[in-house]
Amino acid sequence: MGKTEKGRKNMIQEIELSKLKIHPKNVRKTYNGIDELAESIKVQGILQNLSVVPDPEEAETFLVVIGNRRLLAARKAGLKTAPCSVTEMEEKQQASVMLLENMQRNDLTVYEEATGFQLCLDLGMTEAELSQETGLSKRTIKHRTKLLALDQEVFEKKASEGATIFDFTKLERIKDVSRRNKVMQFIGTDNFARELQNAVCEETCEKNKKEFRKHLASFAKEITGQDDVDCSFVRWYSFSGDKPEVPEDMESSQYYFKEDGNGVFLYKEIEVTEEARARNAEQERQREEKALQRAKFEELGKSLFKIRKEFFLDKTRNQLTIEKCQRFIAILLLRGSTLSWKDKEDEKATKYGFCNMNMGLFSELLGVEKEKLHLDDVLKMVDKKAAPVLEKILYSTLEVGTDIRLKSWDMEYARDMKTELLYEFLMEMGYRLSDDEKMLLDGTHPYYKAEEQMAEAA
């Protein structure tokens, strides 16, 4: 019997598999490649000893600290015994060894990592000790353990499905934990980014609501319904947007506001006769509904742009290579240029057309007059310039379709090739269309339907 470098007793012996147990506090909950390892063990045997400790709750049995995967594979291979290094370790040390051994394999899920850190802390290790053992900063360790405030069942499920630390980090944009849990269920789906943005918008509305109402009260009176006073509709304002400007005629005119969901209606007092009131009531209602639809459509457009922007910047910073960027720019510019020309084979259109893209930014970055700007210049620049400049070039191309040009002034669906090209470009980069975006692109969004119904009613 010898001693390890940390003073633990160390003894090698063959132990029956029936007396070996998966350690109950092992952070790893799933084991991959058991079948392949079992086949290897059948041919070569177990090449590396298992590290075990005596089970404090059952005599003559042992808990596997290192080698749980080998234990499962050995059972599958039909072995009766396994070579084991029997050691003596404190519970805190057992947890630390298991955590570090599994982290070295680089395939722990975010959930397993978080629970492993928390277990070590619960057993008496400090964040400083964990930092020294793992090589991770105390901030990173604290950040991981904070994730355990999420719904444990959903957190574990999403992590096992492949959700990364970056997915869970995005949830921190949401302050309320219950909201985080609700949005977390969409991780890995096409609607995750949209649900995340909705939740952030809701919290922004709630945060701004009190200040927003205080501002309105400085020049307008609150009403519960439009029928309470004789007034005409001015505009609907979202609590997540800009505050209404103070009217220039506030001293001579009376204004009113009415809260509605995530925003308010603003009205202006008018003088009307009974006859005019009866005649204009329905028209005013329709104008109000139509304006509200437009406002919500615009809010949706802004929200989706934020999602596209965040996706694009993440891709640019973390994944896109110079070669990919060059190809994407070429495709976008070459294909986009043909949209403005009847003859798609026109060499001049293909080579020099930029389809209303931000030529000013291109020319500024290149130091070339807009009239002399060629596609070749842009592609050469992609090869030579640093990442920040590349990001600006790529982002300038994404400004096409920023406001989702899918409607006429009257809210009628209108197919827009530039916007479709934008989404095609993003999807080639891995972007996933939300349900809202799918319906906007094919003209089936409820906002369009609502507009059609209002038109029919009128």
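The values are calculated or read from the model by the stated rules, or taken from the named source; none is laboratory data. The structure presented is a predicted model; accordingly, all values stated were derived computationally and were not measured. Here Cβ is always computed from backbone atoms with ideal geometry, including for glycine, and neighbour counts include all displayed protein chains.
Structure notes:
- Looking at region 94-148, the helices (runs of 4 or more DSSP H) lying wholly inside it that each contain 2 or more residues that are in contact (Cβ under 8 Å) with a residue 40 or more places away in the chain and farther than 20 Å from residue 177 by Cβ sit at 110-122.
- Of the residues 188, 135, the single one that is modelled with pLDDT under 90, of a type outside the set (S, T, N, Q) and on the phi > 0 side of the Ramachandran plot is 135.
- When 55, 122, 35 are checked against the criterion of being of a type in the set (Asp, Glu) and modelled with pLDDT under 85, 122 stands alone in meeting it.
- Residue within region 146-153 that is surrounded by 16 or more Cβ atoms within 10 Å (Cβ to Cβ), more than 29 Å from residue 69 (Cα to Cα) and at pLDDT 90 or above present: no
- Test: residue in region 80-92 that is assigned to a helix (DSSP H, G or I) and crowded, with 20+ Cβ neighbours inside 10 Å: no
- Candidate set: region 160-175, residues that are of a type in the set (D, E, K, R) and loosely packed, with under 13 Cβ neighbours inside 10 Å; chosen: the one nearest to residue 109 (Cα to Cα): 161
- Within region 175-225, being among the polar types (S, T, N, Q) and not in a helix (DSSP H, G or I) holds for 185, 189, 191, 218, 224.
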